[in-house]
Structure formats: C-alpha cells, structure tokens
Amino acid sequence: MSIVTRGFRGRRDSAPDLPPGQYLTRDFPVLSAGPTPRIKQDDWQFTITNEAGDKHTWTWRDLLALPSEQPTVDIHCVTKWSKLQTSWQGVSLDTFFEAVDTGADYAVVRSYGGYTTNLPVEDLVDGKAWLVYRYEGDDLHPEHGGPVRLLVPHLYFWKSAKWVKGLELSDDEQPGFWETLGYHNYGDPWREQRYSGD
Amino acid sequence: MVLRWLPGKVADIRVETPTSRTIVFDVPDWAGHLAGQHIDVRLTAEDGYSVQRSYSLAAPADEDRIEILVQKVTDGEVSPFLVDDLLPDDVIELRGPIGGWFTWEPSLGKPVSLVAGGSGIVPLMAMIRARTQAGSDAGFKLLYSVRGPADEYYAEELGKHGIEVTTIYTRSESPSGRPPGRIRPEDLSVLWPADAGARTYVCGPTGFVEAAAQALVDQGHDPGTIRTERFGPSGG
C-alpha cells in the first residue's frame, strides 16, 4: 500500500505500455561502471565456451557474414528510463547457438573491460536476443557498447552487455557484476525485478 | 535482502542554489549506507498514479537521518515537485541503499581523486563527508566543473574538509584564471598522477564522464582504477 504524496498529481505523460516505475525518454542515456573500452572492429572477437570447455570464436568478418536481422524493440533501464521502438541490426543468438553443442541452462556474458552479467540460456534463444552492431542505421558507438553489444530487450538493459566478447555456458548459475552488487538476478521489468529480493 | 519502501519524513529543506535543494529525511529503521550509494524515491498521487526516480545520498547517515540534493530539471516530472512543492513534515516513500560499486569506504587505504561535473558532486560529497566523519587521512583531491559560481553546490563547505579542491567553470573564468570551457585533459593534472596508486571516481553528465575518463586513460591510468557514474540529461 503506497503512501499518497501530499499535493502530487504528476504529469502523466507516460506511455501506456511502460513497465511499472518506468518513464519515457527520447535520449539514449549511458550507464557504465568505468571508462568506455575502445575496441577496433578488426580486433573484436566473440567466443562461446560450452560446459565441456569447447570454444567457438567469431571475428568481426565472421559476424558480418552471418544472416542479420533488424529488430525494433522497447528497452528498459533499471535506472527507470525506457525508450520505445529502438532499431538495431545484428545477428540472432540462435544463429550462434546452431554451431554450439550444449545442454547448459545458464550463461555468463563477458565484455571487454571486465563487465559480466548472467542469464538463463532460454532467455538467449528462440528469437529473444541478438548480437547487434548497428543502431538507428549507424555503426554502434563505443558509448553504447560498440563495436558489438548483446541485446536482450525483454530484461532490464544491464543484461544487454556492452562491448560483448563471449558467453560461458554452465550447468550452474554464476551471478555477474551488478547481480553481485545488489541487483536482481533475473531482471524482468514487467515484474519490476530491480534489486535482489524484488 | 529485500529493499522495502520506507516512509521518509522531511526533516529539513535547505537552498543550495536557486534551482536546487538539499532535502533531509528521517527514515525510521534506516539500515545505513556507504558513501556513493543512492536511493529510489516514489511519489504517488491520490488516484494511485506513481513515479520513481533515483537520487544519490549526499552524506553519511546520521542515525535515521539521510539527505539528498535535488536539482530541478525544468521539464521534469519529479524534481520540480521536490524543489518547489515539498514541505517539512511531508512524508514520501523511499528505499535503499542501492548500488555497491560507486562507493568509498575509509578502509580502502589508497589516495582518491574525485572528478565531478555539475550535480555529479553529490555522491562525491558523501565520500568527502564520510572521510571527515571517519577521521580518515586518505589523500583526497577534487576537480569540480560547474557552469559558474551560481551553480556551485556546497561552495562554502567544500573548503572546510582539509582536501585539495580545484573548481573550474565552463561558462566563465575560473578562480585560477583558467578561461571558460568544458573539462580538458590538462585540467586533470591537479589530480593524483597515474603512478600514485589512487582510485578515481568520476560522476556527472555522460559527455563529461566520457571526456574525463578517456583523458585519464590516455594519461596512463589503469581503467580498472576508474569508477564512473553517469547522469543522463533526462534525469527529471
């Protein structure tokens, strides 16, 4: 039961399809825990390591040779901004998983610069996640995770790791960076899973 | 641990600049927090419509008493209410503390560089106050960039903590005679050099943080020693 705030009416310009506690922004705010890593496209690599330790690696050229999709999705940051109808270009994670022999349930995502985040493998497959390298028609800027970031729009945006360089698949769940610092392990914006215990 | 919404009763409101206020809350059973952490604030209208925003805590907890600084964002939904309409004894909901990365504790045992842009000073002020409260002798150096003297938060207090403070103005000449302008790589020379083993905290708008953090890396600082927190322009 909420306490009513004396005198507060609110502006009520929230779009009807926002998750609870979110507000609409037209900017693209940046949130990062440290300096922005500058990774050249030609130096970028992406490696999936399965639960047996087998590795598959893709280079920038490999990435561009894969069939791309152009998802237009709503994104929701745990710091409460949401941005609707953002347009990306990238490759479905399903395409990468076709090359990987795995029955693992969990993934840790690793980024250049040391960032990590965790999520169930089932949230990465069946058309729910992409490795994206273009945003609104341009190369993805380093501030926003370029050259390549993960895009998992159905979870809070900290799960969409910037500067992505790999996935480690495992039968056990290992919490990532924010997940060990008080943020929710799963992060469903529609259930407002912002912090541990929500 | 569940972060419950708690009633925060407004104990004091202080004018920091014409468009910003320090708001002090009494929060029964506040669990304490680290310097650099923030809270979520929730405002609810009579018909149940509600909005949330995050604000950095500006000081160590004084038992159940905590404080934030709110800068009014002209087209915002929450900050104009907090700056213009909130009164002492009002009760609003808040929860926290939140964020375990952009934090400082006296036990760190390293010198500290602080780089603030505008209202990005707030979590850094919490660190400065925490240092004083703990009687720590950690070497703190602050570089603080604001538009001009009228926009300087904590202007009087900053000089009283026994730390090195350098203020630069983006739209007028700085006290040192520096011409107006946004942060430049050479401005960072007042901070600890790359080989001093310091940790650096950078907080401000995205463009400011990007420029400062990149310049520090270019000057040889290990990226792993630089912690950042960025405010989008739409913090409303």
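Please treat every number below as a calculation from the coordinates, not as lab data. Just so it is clear, the model here is predicted, and its values are computed rather than measured. Methodologically, a virtual Cβ is constructed for each residue, glycine included, from the backbone with ideal geometry; neighbour enumeration extends over all protein chains shown.
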| Mean ellipticity per residue at 222 nm, deg cm²/dmol - from DSSP H runs of n ≥ 4 across chain A, formula -39500 (n - 2.57) | -1000 deg cm²/dmol
| Selected from B:L114, B:S172, B:L216, residue furthest toward positive end of dipole (segment B:106-231; charges at beta carbon) | B:L114
| note | Checked against the positive end of the charge dipole of chain A (+1 on Cβ of Lys and Arg, -1 on Cβ of Asp and Glu, about the Cα centre), the farthest of A:L24, A:P153, A:T95 is A:L24
| So how far apart, in nm, are the two label points at A:D94 and B:W101 if each is 7 Å from Cα heading toward Cβ? | 3.1 nm
| field | Radius of gyration and Dmax over the Cα atoms of chain A, both given in Å | value | 17.3, 61
| field | Residues whose placed amide H lies under 5 Å from that of A:W44, excluding near-sequence neighbours | value | A:W60
| query | Exposure proxy check: B:T228, B:T17 ranked by fewest other beta carbons within 10 Å? | reply | B:T17, B:T228
| task | Would you mind checking the tilt of helix B:206-218 against the longest principal axis of the Cα atoms of chain B, expressed as 0 to 90 degrees and rounded to 10? | result | 30 degrees
| said: Checking a compactness column here: for the protein assembly as shown, what do you get for Rg(Cα) / (2.2 N^0.38 Å), N being the number of residues? | reply: 1.00
| request: Output the Kirkwood hydrodynamic radius of segment B:161-236, Cα pairs only, in Å rounded to one decimal. | output: 13.6 Å
| If you plug each phi of segment A:116-121 into the Karplus form 6.51 cos²θ - 1.76 cosθ + 1.60 with θ = phi - 60°, what whole-Hz ³J(HN,Hα) values come out, in order, with x for Gly and Pro? | 9, 8, 10, 7, x, 4
| query | With each pseudo-label sitting 7 Å past Cα toward Cβ, what's the A:D198-B:Q219 distance in nm, one decimal? | reply | 3.7 nm
| query | Pulled fully out, how much extra length does the chain show between A:D138 and A:K40, if you take 0.36 nm times their separation in residues and subtract their Cα-Cα distance? | reply | 33.7 nm
| What are the radius of gyration and Dmax of chain B, computed over its Cα atoms and given in Å? | 17.6, 57
| note | In whole percents, the bins of 10 Å from zero upward hold the Cα-Cα pairs of segment B:6-98 as 17, 55, 27, 2
| field | Residues whose placed amide H lies under 5 Å from that of A:L31, excluding near-sequence neighbours | value | none
| message | How many angstrom lie between the Cα centre of segment A:141-195 and the Cα centre of segment A:1-67? | response | 7 Å
| request: Would you mind computing Rg(Cα) / (2.2 N^0.38 Å) for segment A:143-185, counting N as its residues? | output: 1.22
| message | Among DSSP bridges having both ends in the protein assembly as shown, what percentage is antiparallel? Round to the nearest 5. | response | 70 percent
| message | I'd like the GluC sites (Glu not before Pro) in segment A:101-191 restricted to DSSP loop residues with at most 12 other Cβ atoms within 10 Å, sorted by number. | response | A:E136
| Label point distance in nm, B:R147-B:S172, each placed 7 Å from Cα along Cα→Cβ | 1.2 nm
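Would you mind getting me the FRET efficiency between B:E164 and A:S2? Use the beta-carbon distance for r and R0 = 45 Å, nearest 0.05.
The formula returns an efficiency of 0.50 here.
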| request: Please work out the FRET efficiency for the pair B:A196 and A:R26, using the Cβ-Cβ distance as r and a Förster radius of 51 Å; give the result to the nearest 0.05. | output: 0.80
| message | Can you compute the helix-only [θ] at 222 nm over chain B? Use -39500 (n - 2.57) per DSSP H run of at least 4 residues, normalise by all residues, nearest 500 deg cm²/dmol. | response | -4500 deg cm²/dmol
| task | Please average, across the residues of B:42-54, the number of beta carbons from any other chain that are within 10 Å of each residue's own beta carbon, and give a whole number. | result | 6
